[in-house]
Amino acid sequence: MIALEVKKMKKNFGGVKAVDGLSLKFEKGQITSLIGPNGAGKSTMVNLMTAMYPPDAGKMIVHGVTLEKWKSYNMPTYGVTRTFQDVRLFEQMSVLDNVLVVLTERGVFRSLFETHGELHLKQAEEILKRVDLWKKRDEKAEDLSYGQRKLLEIGRAVAMDADIYFFDEPFAGLFKEMVKTVVSILHELKNNGKTILLIEHNMDLIRELSDHVIVVDAGKFFAEGEASDVLARKDVVEAYLGE
């Protein structure tokens with residue numbers, strides 16, 4: 001079953017065709033990795049699918065609903081959430097409040113001044129323990145290390161309880177134990193029937209995590225299939241993995 005599909009997506013920046021007519025499908029309950037060299041259009045594609053950029057052409061189908069136009073603030077309505085390469089948090093808020101804002105679904109200012117119920121606090125505790133940040137719950141987000149900030153953003157994404165997750169290089173800059181934590185979280189999401197799109201440059205992690213791999217370059221489709229098959233292709237290895 002297809003959870004998300006994009007058809008003939010295009011995006012130009014000046015004279016550069018960042019995404020050039022890409023059509024992709026993502027199976028429900030699978031981890032699909034989008035790979036390719038720097039500048040291939042991977043992050044641009046994610047930004048288009050999550051409405052951070054408006055497409056120049058193309059449409060998206062989410063759970064069978066065709067979207068000709070979509071806005072970033074509407075994406076949770078369609079069960080879609082994401083993380084970013086450049087971590088985005090509420091810097092002046094505590095670690096705990098960063099998660100509670102998501103759990104309460106009432107927006108930043110109302111969440112700051114409301115009395116949180118025991119259920120929300122328990123859920124936030126479970127999430128922060130899962131990303132090993134419970135002991136940091138009262139610290140401001142801006143005071144965390146880079147790796148801890150990434151884990152907090154992943155925790156916030158988990159708190160969304162979305163159907164479709166976009167993870168844009170979630171392992172970059174993480175220590176070994178942090179990598180294990182994120183790997184475990186991705187497995188748990190998949191086991192719970194979530195659909196995951198992963199952008200990652202570490203091919204060992206791609207092999208370990210991916211049910212399906214799509215290769216793009218210069219904004220165009222190049223190859224797809226099971227990780228073991230795609231990563232064994234000579235043309236993929238030579239042209240797109242730089243080996």
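Points worth noting:
- Between Y73 and K180, the FRET efficiency from the beta-carbon distance, with R0 = 30 Å, is close to 0.35.
- Separation between Cα centres of region 127-181 and region 218-238, rounded to whole Å: 30 Å
- Sorting the segments 185-192, 78-85, 228-235, 197-204 by their mean number of nearby beta carbons within 10 angstrom, highest to lowest, gives 78-85, 197-204, 185-192, 228-235.
- Additional length obtainable on full extension of the chain from R207 to D132, 0.36 nm per residue less Cα span: 24.5 nm
- Dipole magnitude for region 54-173: about 100 debye, using +1 per Lys or Arg Cβ and -1 per Asp or Glu Cβ, origin at the Cα centre.
- Taking the helices alone, the chain has a mean residue ellipticity at 222 nm of -10000 deg cm²/dmol, built from -39,500 (n - 2.57) per DSSP H run of at least 4 residues and averaged over all its residues.
- H63 paired with K7, simple spin-label distance in nm, labels 7 Å along Cα-to-beta-carbon: 2.0 nm
- Cut-off 11 Å between beta-carbons: net charge of the residues surrounding H63, Lys and Arg +1, Asp and Glu -1: -1
- Where trypsin sites (Lys or Arg not before Pro) fall in DSSP loop in region 22-53, at most 14 other Cβ within 10 Å: K28
- Measuring nothing but how far apart in sequence close Cα pairs (under 8 Å, 6+ apart) lie, relative to its length, region 1-87 scores a relative contact order of 31 percent.
- Relative contact order of the chain, pairs being alpha-carbon contacts under 8 Å that are 6 or more residues apart, as %: 28 percent
- Summing +1 for each Lys or Arg and -1 for each Asp or Glu among the other residues whose beta-carbon sits under 13 angstrom from that of F171 gives -4.
- Estimated FRET transfer efficiency when R0 is 30 angstrom, pair R88-N192 (beta carbons, to 0.05): 0.80
A short reminder: the numbers here are calculations on the coordinates, not readings from a lab. Note that the structure is predicted; figures quoted are calculated from it, not measured. Reconstructed Cβ throughout: ideal geometry from the backbone, glycine too, with neighbour counts over all protein chains shown.
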